[in-house]
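Nothing in this text is a laboratory measurement; each read-out follows from the coordinates by a stated rule. Computed from a predicted structure; not experimentally measured. We place every Cβ from the backbone using ideal geometry, glycine too, and count neighbours over all the protein chains shown.
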Amino acid sequence: MKRIVCETYDEMSQIGAYVFSEQIWRKPDSVLGFATGGTPAGMYRCLVKMYNDGLVDFSKVTTFNLDEYYPMSKSSSHSYDYFMWDNLFSKINVRRESVYLPNGGAADPEKACDDYERLLESRGGLDIQLLGIGNNGHIAFNEPADELRVRTYVAELTADTIEANSRFFESAADVPRRALTMGMGSIMSARRILMLIAGEKKAPAVKAMFSGRITPKFPASLLQLHPDAVVILDKDAASML
Ligand code: F6R
């Protein structure tokens, strides 16, 4: 697992945008995996700018997102679907029919997870997956546990994650308790992984992730096994390394 330490959040975001752009330059019909949350918003702004400057073309890409709350309607401003259109998709030339997120409005969530996994496989898997990390080491909604799941599934959010995500809702009571999320195998099957991490609060998680040990109690530690994973972090996030 390689790491690049940047001076600032903006520098981290710009380098992340270059990594994704370079993937698209090399393979215009790349299958891109995206994430939501506070961390990738800067990278999405950089990608929009690069698109506006004529430097990158999204017309042939296919995109898959890591996760979506359940139950959650697409049109809700709390949905990850809304976040992605608001921050990125509506501002670039990606084709609407090439954008996929797990279906938070499905009547049968288990079936929605199986369908999502099959769709991902039918598109040839992910060329590159963007990730953030939770303070507790979660990636996507794969929370610390005795066992981790391999493929897309219905996850229960932990109290830590409900608390951390409550900043996007009126209160913690409004955060959905479940989510549809790619499993660890879906993520680890991506040919490349790019993780962005910013801020001092994440420093203990960064230290645990680079510990040289692997445990389901800290899901991000599994990334140490990935053959092509790059972590870009700002200096505050890297302060305990
Ligand atoms: C989002 C996701 C989450 C976040 C993580 C960090 O799609 O899967 O695992 O990456 O919770 O979130 P931020 O960036 O808000 O600190």
Quiz item: What is the distance in Å between the Cα centres of segment 57-90 and segment 155-209?
Solution: 16
Quiz item: Considering the chain, what Rg and Dmax in Å follow from its alpha-carbon atoms?
Solution: 16.6, 47
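Counting other C-beta atoms within 10 Å, which of 55, 157 has the fewest, and how do the rest follow?
55, 157
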Quiz item: To one decimal place, what Kirkwood hydrodynamic radius in Å is obtained for segment 115-211 from all pairs of distinct Cα atoms?
Solution: 14.6
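Cut-off is 10 Å between beta-carbons; in what order do 166, 21 appear when sorted fewest neighbours first?
166, 21
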Exercise. Taking the Cα centre of segment 77-164 as origin, sum charge times position over the Cβ atoms of Lys and Arg (+1) and Asp and Glu (-1), and report the length of that vector in debye to the nearest 20.
Key: 520
Quiz item: Under 17 Å Cα-Cα from residue 27, which lysines qualify once same-chain neighbours fewer than 8 residues away are excluded?
Solution: 60
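How big is the Kirkwood radius of segment 1-125, worked out from every pair of different alpha carbons and given in Å to one decimal?
Details: mean 1/r = 0.0648 Å⁻¹.
Computed over Cα pairs of segment 1-125, the Kirkwood hydrodynamic radius comes out at 15.4 Å.
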Quiz prompt | Anchor residue 201: lysines whose Cα lies under 26 Å away (excluding residues fewer than 8 positions away in-chain) | solution = 2, 217, 235
Quiz prompt | Karplus-derived 3J(HN,Hα), 6.51/-1.76/1.60, for each residue of segment 151-166, Hz, glycine and proline x | solution = 10, 3, 8, 8, 9, 9, 6, 7, 4, 4, 6, 4, 5, 4, 7, 5
Quiz item: Regarding segment 1-40, what are the three Cα extents along the principal axes, ordered largest first, in Å?
Solution: 32, 20, 20
Quiz item: Want the number for residue 147 to residue 168: 0.36 nm per residue separation, take away the alpha-carbon distance, what's left?
Solution: 4.7 nm
Quiz prompt | Rule-of-thumb Rg ratio for segment 174-213 [Cα; 2.2 N^0.38 Å; N residues] | solution = 1.54
Quiz item: By counting other Cβ atoms within 10 Å of each Cβ, how are 24, 15, 133 ranked from fewest to most?
Solution: 15, 24, 133
Quiz item: Anyone know which of 119, 32, 66 comes out most mobile in the 10 Å Cα GNM of the chain?
Solution: 119
Exercise. Please state the charge dipole magnitude for the chain, taken about the Cα centre, from unit charges on C-beta atoms (+1 on K and R, -1 on D and E), reported in debye and rounded to the nearest 20.
Key: 520
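Calculate for the chain the 222 nm mean residue ellipticity that helices alone would give, adding -39,500 (n - 2.57) per DSSP H run of length 4 or more and normalising by residue count, nearest 500 deg cm²/dmol.
So the helix-based figure for the chain works out to -8500 deg cm²/dmol.
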